[in-house]
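The values are calculated or read from the model by the stated rules, or taken from the named source; none is laboratory data. Bear in mind that the values here come from a model prediction, so they are computed numbers and not experimental data. Note that each Cβ is placed from the backbone with ideal geometry, even for glycine, and that neighbours are counted across all protein chains shown. With ligands, DNA and RNA removed, areas are computed over all heavy atoms of the protein, side chains included. Shrake-Rupley method; radii C 1.70, N 1.55, O 1.52, S 1.80 Å.
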Amino acid sequence: MKNILVTGGAGFIGANFVIYMLEKYPDYNIIVYDKLTYAGNMDNLLAVSDDPRFDFVKGDICDPETVADTIRRFGIDTIVNFAAESHVDRSIIDPDAFIKTDVYGTYVLLEAAKTFGLERYHQISTDEVYGHVPFGHSSVETDNLEPRSPYAASKASGDLMVNAYFVTYGLPVTITRGSNNIGPFQYPEKVVPLFATNAIDYEPLPVYGDGKQMRDYQYVGDHCSAIDVVLHKGKYGEAYNVGTGTEMENLEMVEILLETLNRPKILIRHVADRPGHDRRYSLNVAKVRALGWEPEHTPAEAIAKTVQWYAENEWWWRKIKSGEFKAYYRQQYEERLRNATPS
Ligand code: NAD
Ligand code: TYD
């Protein structure tokens, strides 16, 4: 592994991964390949933009010619695919781009990996492919995939295609299925950066339904180190769950967030729930731990550290929240907030 193509590397987790890998491995070259959708942001890569081991190509993973040109030009031996449409609420409004990027785009990359005989194809997947997880169970990698949102269904389709390329063509693949990531550079449509930036401005926090849905909030740096471990020690054809292994209710996450920012609970508004909202995700992470990986942050530490970053980095999020985001926020929340109930 020497020349790694990081697709979607200008997004939240991808950019954190690029920074992590360049710092850890002096002899690796990283080429980010990214379409720069609304979620792609070159500000996320400022820390590495002058590094001679870093390059950037603007391109779509659905475009096989540009993918092939890039693999040839940089002598790519490994693909780590972060590129995706990644927000459940947007997938409910319009699933089209999710099918294109998360399903067809994954196929384009797999086909390129096969054609060029790459050393490894690694797929970044999500705990959402398992669907709602009843109390008393934590998902293991061999569980059935039962996705329930268009986003989760498109990611599960990607996983199935990755597995098909392993079984049919012997492509050296691995998959990681991460729980909710939080940390620097997350687009403020996702709940923790949305609520942190709203709370900083004393704006309401739109909690869906009763707020008792459960998520495993993990620090993005921990997810990146797990991907690194799987890239170096994972077994071909295997999927690995990545998370802290403990989940909390959204309202508990909100309490930690408000406490960290010293903001009052009256900012909480209970609004109309997300259709098909998965009540609980819960991961069994024994398999990745058996490779020697451990998270460095509990969910509570991850939330506090993340919220602190947003408090200290207004330069990063204020310009995002004043752009395209405004129209999205209006569409998603205006009516909900009008009909909201306070906590
Ligand atoms: P993000 O939305 O912040 O970033 C996605 C990146 O992909 C952006 O830079 C965007 O420009 C790029 N992109 C989108 N479509 C593309 C295309 N067709 N061609 C090339 N680039 C394209 O997403 P994220 O939160 O960083 O998630 C990264 C990956 O991790 C995704 O595959 C997501 O499903 C997965 N994941 C995310 C989480 C989470 O909590 N955010 C948890 C588990 C797994
Ligand atoms: P999100 O960050 O969208 O991640 P995911 O749906 O992929 O888990 O949402 C995390 C949780 O927060 C989820 O249970 C939905 C909830 N949520 C709200 O209550 N209000 C919001 O405005 C958003 C965006 C999410």
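Can you name the helices (runs of 4 or more DSSP H) wholly within segment 256-343 that have at least 3 residues being open to solvent by 60 Å² or more (accessible area, probe 1.4 Å) and of a type outside the set (A, V, I, L, M)?
299-312, 314-321, 325-338
Against the conditions (1) open to solvent by less than 10 Å² (accessible area, probe 1.4 Å); (2) within 20 Å of the chain's Cα centre (by Cα), where does Ala113 fall short? Just the number, please.
Among (1) open to solvent by less than 10 Å² (accessible area, probe 1.4 Å); (2) within 20 Å of the chain's Cα centre (by Cα), Ala113 violates only (2).
Looking only at segment 82-110, how many residues end up being within 16 Å of ligand 2 (Cβ to nearest atom), among the small types (Gly, Ala, Ser) and crowded, with 24+ Cβ neighbours inside 10 Å?
2
In a loop (DSSP other than H, G, I, E, B), hydrophobic (A, V, I, L, M, F, W, C), open to solvent by 10 Å² or more (accessible area, probe 1.4 Å) and over 23 Å from Asp69 (Cβ atoms): does that describe Phe166?
No: the conditions fail for Phe166.
In segment 222-233, is there at least one residue being within 14 Å of ligand 2 (Cβ to nearest atom) and more than 22 Å from Thr341 (Cα to Cα)?
Yes, segment 222-233 contains at least one residue that is within 14 Å of ligand 2 (Cβ to nearest atom) and more than 22 Å from Thr341 (Cα to Cα).
Within segment 116-128, take every residue that is closer than 30 Å to Arg280 by Cβ and of a type in the set (D, E, K, R) and give me the one that is least open to solvent (accessible area, probe 1.4 Å).
Top of the filtered list is Asp127.
When only residues in segment 57-81 that are in a helix (DSSP H, G or I) and without any contact (Cβ under 8 Å) to a residue 60 or more places away in the chain count, which is most open to solvent (accessible area, probe 1.4 Å)?
Per the criteria, the residue is Arg73.
Condition check ((1) of a type in the set (Lys, Arg); (2) within 23 Å of Asp96 (Cβ to Cβ); (3) more than 15 Å from ligand 1 (Cβ to nearest atom)) across all residues:
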position: Glu141; (1), (2), (3): no, no, no
position: Glu146; (1), (2), (3): no, yes, yes
position: Met161; (1), (2), (3): no, yes, no
position: Val167; (1), (2), (3): no, no, yes
position: Thr174; (1), (2), (3): no, no, no
position: Gly183; (1), (2), (3): no, no, no
position: Leu194; (1), (2), (3): no, no, no
position: Ile200; (1), (2), (3): no, no, yes
